[in-house]
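The values are calculated or read from the model by the stated rules, or taken from the named source; none is laboratory data. Being a predicted model, the structure only gives us computed values, none of them experimental. Every residue, glycine among them, receives a Cβ derived from its backbone with ideal geometry; neighbour counts consider all protein chains shown. All accessible areas refer to the heavy atoms of the entire protein, side chains included, with ligands and DNA or RNA removed. Shrake-Rupley method; radii C 1.70, N 1.55, O 1.52, S 1.80 Å.
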Amino acid sequence: MDNDAQTGLIRGRLSRRSMLAGAAASVVTPVVVAGAAGSSAVATVRAQGGVVRQVTIYAEPLVDGLYGYGREPGKATIPGPQLELYEGDALEIELVNNTDQRLSIHPHGVDYDTASDGSPLNDSFNEPGETKTYVWKTTQRYESIGGFWMPGSAGYWHYHDHALGTDHGTMGIAKGLYGGLIVRRKGDILPDKQFGIFFNEMSINNKMAPDTPMFEANQGERVEFICVGHGNQPHTFHLHAHRWADTRTGMLASENDNANVLDNKNLDPGNSFGFQVIAGEGVGPGVWMYHCHVQFHADGGMVGLFLVRNPDGSMPAGAQDAIDRFMNHQHTGH
Amino acid sequence: MDNDAQTGLIRGRLSRRSMLAGAAASVVTPVVVAGAAGSSAVATVRAQGGVVRQVTIYAEPLVDGLYGYGREPGKATIPGPQLELYEGDALEIELVNNTDQRLSIHPHGVDYDTASDGSPLNDSFNEPGETKTYVWKTTQRYESIGGFWMPGSAGYWHYHDHALGTDHGTMGIAKGLYGGLIVRRKGDILPDKQFGIFFNEMSINNKMAPDTPMFEANQGERVEFICVGHGNQPHTFHLHAHRWADTRTGMLASENDNANVLDNKNLDPGNSFGFQVIAGEGVGPGVWMYHCHVQFHADGGMVGLFLVRNPDGSMPAGAQDAIDRFMNHQHTGH
Amino acid sequence: MDNDAQTGLIRGRLSRRSMLAGAAASVVTPVVVAGAAGSSAVATVRAQGGVVRQVTIYAEPLVDGLYGYGREPGKATIPGPQLELYEGDALEIELVNNTDQRLSIHPHGVDYDTASDGSPLNDSFNEPGETKTYVWKTTQRYESIGGFWMPGSAGYWHYHDHALGTDHGTMGIAKGLYGGLIVRRKGDILPDKQFGIFFNEMSINNKMAPDTPMFEANQGERVEFICVGHGNQPHTFHLHAHRWADTRTGMLASENDNANVLDNKNLDPGNSFGFQVIAGEGVGPGVWMYHCHVQFHADGGMVGLFLVRNPDGSMPAGAQDAIDRFMNHQHTGH
């Protein structure tokens, strides 16, 4: 691997073909704070209101000047662990700073007091080597006046450093300190698989093609994409052969819901959205691109693969050829 | 005309005043695949489910290094023919490549298998001189669980090359290989006129003012705008004196629909949206600007005119003066 | 203060700590055209349809080459006075041009004929020293066919110059000629306080931190943010510890409304949106940042403070320390 000293992005040169055997390699492993902790499946039953979960997160240095959040010492990843809650839950995060830098954790979408803001403005960060607890709360929508409802916490959100390098965490984010955060409403559909896509400057999850994540699912599985934008560049996220509604869930709320339906959406710094699709529905199995639709960004490596396997998990005809082309095109393209 | 070798954009120097006599010049001529082929009116009756239409599209070189899609040999245009379907229809496109370049056709929003992806990744493109068939399918929304509905294909979409120059069609798009694609639901309102606006790098439909399209309608006509973004720049589309709802149809779904109402919306690479307005409603006839609201883009020529004529089709007082100013300002401005 | 000759942005060097005593300093003072003119409270009762209000606006030169709109001679501000209407109202604006430049006033969202377009295209502007009347009309939504409703004028809109410097008012906008415009529906909830945030090139309200506005409210007050984008840069607006629905009102329309909920949204040139939050709800009092989430923009000074005081109006513990840090960090940061 080589390392871009300015952006912290790494560009691997290793073929990923061998990774196909290990299907889970690029799949987000959620921290199931909503259910039985440590389970690999997302919980399906939730008590409402006031359940408090604890999780310890380790911020650690990685190779090539990168940083990551992880659930165990020495196991930090980019992106960090995906965190999930149901409206009404709270999450206490014990953040262990195993680096020599000032850093923090700042969430979008949920409630926190100034001590858990994660910002130097509010003196809310971890000094090098320090451990500190951040508390995130969530709430349900409630009726206001005039027929309007104040929104609750449910949404496809994210968290990130807000203190490393600058008061806005510009270096921490550039170097990998970010992750996904989902708050669900009771009754929301739970997916079979989840994929986290972070457009961070000119990278996807701090990788560039052909080292970007290849997400895998079997045709017919319900897969959830969580998309987050970071950095300084405007981006648009495009997924081939699948579409979603521009709503909280990515689905429509009724037969006559008039919401926009999209397959391309702005993913600019700080933005986040998510959606669920049925893998390969109406289009069949195969290798489908996801990429930034800014042309020079796509050409420069902001592209990855969504491999939809046959319903029985076997490789579809032509899929391996497409993967090989992707590896070779991207190699020769740079 | 002169030609910018880098972008493929042409800047005409001919007055367009004489074009006012020929009202249809800048109006999109849709390919009425949803009804009687070849008719100039959009079909109003549709069978549901599984009707397959055929169309042949010719990709051809144009002057100044540009390319276009067309329905007949020697008649390619920028944008290409507008394609329309109803949910449930399929479209078989026989793409004839009359150029010496590798190219393809890739749609947004609809269903296709990997052979019709239009991407080099899936070996889906036309070699120079080659003819190949691409199949696009559409589907209706359906109820999932928990009260949610998976979205159907209906929307204001678009198609474009995905193979000329790079694996993402960056040169093909820059040089003009794009067009509009509408999928309607049964019951959607059909417009009297349709206008296609493609913000492509620093151009509108690969033209810069004063050569950008002047769209024309009579006051009271229902006109449909289809807006698509391409290239590498962030843009915002603004239309003077008209507004729309930020929904699938550009209209609200009920008396208490709380959707956003806009007259300015991001039109970034790969984005598309559409809406219908009643020409001149509440504001009267006259010449109204549409433009990118990024100031330097507007100043640089990303601006065109929407001429709302009197209800009887005659020119409103002052309209010709405004058009003349537009021609002169833009000439002297560069 | 020093002045950036190219952008017209000023960077003050004065501490703003002393301003805490004067709570109203950074709060938008709306022009209550919907109710009793001159009142500081927003009117709560409106007749429907055809009420015409008059207001005189003075466009004037300010220090450092800036310009502003104001309600009285010598009292122009950046942003200009906030204007409010109910659907059905009209507003006659007598614009007095007390500058030596050609300029105008152009609104978003409302209805106007070509004479009130505010564009040189339609010969609609004020020569230096000239006074001219512009008329803005509004309308309610109405049912069309097929169950669709054509949208009315209600929304969080804005107005700006469209004639100073270029035919698109590029210099007028850069130098401060802009303001907020709200059109409400009968039954909309009225806020206790209103804040206007204009991302204009690399500034907020033509100020950079630490001179950006500090907005203040007591915990539990209903505050309304009006956000507008201007200039040439893409931006995203982020507010700490508060969120809103991506709808016309920023609230949901029912218990099962599936609209997106956000705390970060594109605020690109010409865009506008607004929302209401209950100050400090679920998070408590304190100092909360609002900022552009483009990292270099935040680091460069596109950040301000939302001070949520205790319910009785007293300063929360730690708030003054945070304000002092903000002043000092931003000073040392440049």
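General remarks:
- Distribution of pairwise C-alpha distances over the stretch C:231-289, 10 Å bins, in %: 20, 46, 29, 5
- Exceeding the 32 Å Cα-Cα cut-off - candidates A:265/B:132; A:137/C:207; C:132/C:175; A:137/A:193; B:207/C:132: A:137/C:207; B:207/C:132
- Using a probe of 1.4 angstrom and keeping all protein chains present, the accessible surface of the stretch B:220-333 works out to 23 square angstrom per residue.
- Order of exposure, largest accessible area first, which applies to A:236, B:56, B:133 with probe 1.4 Å: B:133, B:56, A:236
- Across identical copies of the chain, residue B:94 has label-point separations of 7.1, 7.1 nm, listed in ascending order, with the point defined 7 angstrom from Cα along Cα→Cβ.
- Hydrodynamic radius by Kirkwood, which averages 1/r over all alpha carbon pairs of the stretch A:181-297, in angstrom: 14.9
- Relative to the other identical copies, residue A:115 shows label-point distances of 6.5, 6.5 nm, where the label point lies 7 Å from Cα along the Cβ direction and values run shortest first.
- Loop-located trypsin sites (Lys or Arg not before Pro) in the stretch B:142-218 (DSSP state other than H, G, I, E, B) with a sparse environment of at most 13 neighbouring Cβ atoms within 10 Å are absent.
- Phi angles across the stretch A:60-72 convert, under the Karplus curve 6.51 cos²θ - 1.76 cosθ + 1.60 with θ = phi - 60°, into 3J(HN,Hα) values of 9, x, 10, 5, 6, x, 7, 9, x, 9, x, 8, 9 Hz, Gly and Pro given as x.
- Each copy carries residue A:73; placing its label point 7 Å along the C-beta direction from Cα gives inter-copy distances of 7.6, 7.6 nm, listed from smallest up.
- A cut-off of 5 Å between modelled amide H atoms, ignoring neighbours fewer than 5 places along the same chain, links residue C:201 with C:230, C:231, C:232, C:233.
- Carbon plus sulfur fraction of accessible area for the stretch A:214-281, probe 1.4 Å, in percent: 37
- Put simply, chains B and A cover up around 4300 Å² of each other's accessible surface, both sides summed, when a 1.4 Å probe is used.
- Among residues of chain C, the one whose beta-carbon sits closest to the C-to-B rotation axis is listed with its distance in Å as C:234, 3.
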